Amino acid sequence: MFSLRVLGTLALDGPGNTSAVNVLAHAKRAGLLAYLTLARPRGFHRRDTLHALLWPESDLEHARVSLRQALHQIRRVLGPELIANRGDDDVGLLPGTLACDAIEFERAVEEGRHADAYALYGGDLLPGFFVSEAPAFEEWLEGERARLRQLAQKAAWATAEDLARAGDPAGAVAAARRVAAWQPLDEIAQRRLIELLDGLGDAGGALRAYDEFAERLQRELEAEPSEATAELVRRIRERSPTLPPPPAWMLPQGATGSGIGVATTARSRRRLAIPVMALVLALLGIALAWRRYGRAETMPTSRTLAVFPFTVREGAGLAYLRDGMVDMLSANLEGAAGLHTIDPRSIIALSRRADTSAAPDYADVARRLGAGRYVTGEIVEVAGRLQAGVVLHDAASPRPVLTATVSGDTSAVFAMVDSLTARLLGGLVSGRDTAITRLAAVTTSSLPALKAFLAGEQAMRAGRDAAAAEAFREAATLDTTFAVAQYRLALSATWVAVPGAADNATIAIMAAAAARHAEHLTPLLRDLLSAYTAYKSVDADGAERSYRRLTESHPDNVEAWFMLGETWFHYNPFRGRSPQQARQAFERVLALDPSNTHAILHLARLAALDGRDGELDSLGRVYLARYRDAERTLEMRTLLASLHHDPQERRAIAREAIGADVIVMSSLIQAALVYAQDLDL
């Protein structure tokens, strides 16, 4: 029996059949096999569903031929008994003919075998796998990837708790650290790790975990941990002013706590010892870096990218593309949504000096240049056509982040480079929902439009709504069929005055523009667009039903949760229901996207309405510390000025509000009169 491995890798193992790799060499063939194996409900699937999933760009006849050919190749390699037909319309895998690690993992989860499930989960489903021009497949894959990741997280936490109860703290911590590493920016996961370490008696480990998370949050999102996490850590520090020796299970075999160099005397001595030790370690690190590279290394960052020379397999006339791809891709990616690419001259010079007797250590070179991620690629010429493939890597991890291939005529090199750039940007830049960003990358043929869209996503995450709306408008203007950009432009009009969109009717026209090109949207985006149209049409019940269905079918979708919260917050008072119902939705948003400015603001409004002064103060301080340039900063300052009865701040807000657009001005009045109920402002 063949075995398909899809968790953390893509591999097909069989009884001595070396040609099995040919099934995976073709992206759509591999995607078809994965879908037939994993799609729910398991069993048979309609052929027209498979046509739309993997060959949406083809007419019906060509899609049928492509599906028949793909099925024939899979049967030829893996055996005719693997795939069966049911009538003329359905096709599926026969039970018991193909083993799969993801199926075994799900079975272990269902049976409550947490440790087995934890051991089986080798990583994300098909990491970096990409099928060109198949947005519906990409949406399905994103959904399955998120679903399995969520199951793995639950299994890992359950395993950690089981091990802790069984008296195996080291195993418990290993499991907890692994699941926290899967969610490096998820504050709930990191806080759970901190609580587990503290509960097992390792206060020092808990504080180190917090420090690492805070540093990562600042580096990646320019944000700080929430007040709840900071308060947890304060309690740990107060309870352990002088850290005790690590517990015995943390020490090497035969060691004792008395020999460990930790502070056990007064706090003043600890304060002196730590800076001295840090200075010694820092000097030692600098010396080692200088010795290794002849200079200190630049700290790698995920916003910096290195593009390495491509491998050119065929065609002597294509040798120029080895270095040429470095120049073209670097130029295309530079500045897009805040990305920075290493100077191609440095890359090419280092590559030429590299030892040609062995494959270069690209990860090491990328880190030396300060790049947190890097790109490698290959170009092959077959029968006068080019096929170019890229792999996006994380310099700190051996696993690829994303792979993509494009093909075209030898005269279409520049168009192929633009297409590869779009695919890379889809993996490099995450919006509120990764699936939306990746969809944008494959539904516009205009690279400038994609760059404008990504700039809008970046501005939206920072709470700069006017800049986001302008960027989405530019994207929709550059490509009038760019439905995702049109949808985002309509959405941004909810939060800031967009020229020409002062009323709901005009916003509905924008949404209708997106709907006209809905064939470029995935089913998820079409459902989001339909729900948003109901929301802007003041159909509160319809919007609520739609967004509820979306949160049930896509529990990790930030957009659906946020707009469900918006619906409850703004429409509940008119339906005789409390706006406080929206708290659960906005809290879910922050669990999925800790940097969501609008969710923080709405929770602050709800805290003001409900008289939860401590929560309002905490949320306000976090918001103002992180998002000084956000459009709604004045509103948050208004809420805090009312809370603290600060007349000087009130006057400053009034001066700064002069010239604000109508939506922002309206929000200031609401903040004072409705949420804070402050008639003196």
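The simple Förster model, with R0 at 35 Å and r as the Cβ-Cβ distance, assigns A396 and T49 a FRET efficiency of 0.35.
Using DSSP to define loop residues, name the trypsin sites (Lys or Arg not before Pro) in the range 518-567 whose beta-carbon has at most 11 other beta-carbon atoms within 10 Å.
Working: sites: R526, K536, R545, R548, R549; in loops: none.
Here no trypsin sites (Lys or Arg not before Pro) fit, given the DSSP loop and packing criteria.
By the rule of a C-alpha distance below 12 Å, with chain neighbours fewer than 8 residues away ignored, the aspartates and glutamates paired with K28 are E133, E138.
Using C-alpha pairs under 8 Å with a sequence gap of at least 6, the mean separation divided by the residue count of the range 521-623 gives a relative contact order of 17 percent.
Pairs of alpha-carbon atoms within less than 8 angstrom and 6+ residues apart define the contacts here; what relative contact order does the range 1-148 have, in percent? Taking the mean separation of contacting Cα pairs over the length of the range 1-148, I get 33 percent.
Let me check against my output: what whole-number percent is the relative contact order of the range 589-658, with C-alpha pairs under 8 Å and at least 6 apart? Before the final figure, lay out the partial values.
Numbers: 50 pairs, mean separation 16.3, N = 70.
Relative CO of the range 589-658 lands at 23 percent.
Between R216 and A11, the simple spin-label model (points 7 angstrom out along Cα→Cβ) gives 2.6 nm. Surface calculation, 1.4 Å probe, protein heavy atoms: R583 sits at approximately 50 Å² accessible.
Once you list every other residue whose beta carbon is under 11 Å from the beta carbon of R583, what net charge do they have if Lys and Arg are +1 and Asp and Glu are -1? Mind showing how you got there, number by number?
On the way: positive: R588, R605, R612; negative: E587, D610, E615.
Computed value for this residue: 0.
Each label point was placed 7 Å from the Cα along the Cα-to-Cβ direction; for D90 and R165 their separation is 4.1 nm.
With the simple spin-label model, which puts each label point 7 Å out from Cα in the Cβ direction, the A39 to R575 separation comes to 3.4 nm. Loop-located GluC sites (Glu not before Pro) in the range 120-198 (DSSP state other than H, G, I, E, B) with a sparse environment of at most 16 neighbouring Cβ atoms within 10 Å: E133. When you count the other C-beta atoms within 10 angstrom of each residue and take the mean per peptide, 327-336, 596-605 line up highest first as 596-605, 327-336.
The values are calculated or read from the model by the stated rules, or taken from the named source; none is laboratory data. Everything numeric in this text was worked out from a predicted model, so none of it was measured. Neighbour counts run over all protein chains shown; Cβ positions are idealised from the backbone, glycine included. Remember, those area values only see protein heavy atoms, side chains included, never the ligands or the DNA or RNA. Shrake-Rupley method; radii C 1.70, N 1.55, O 1.52, S 1.80 Å.
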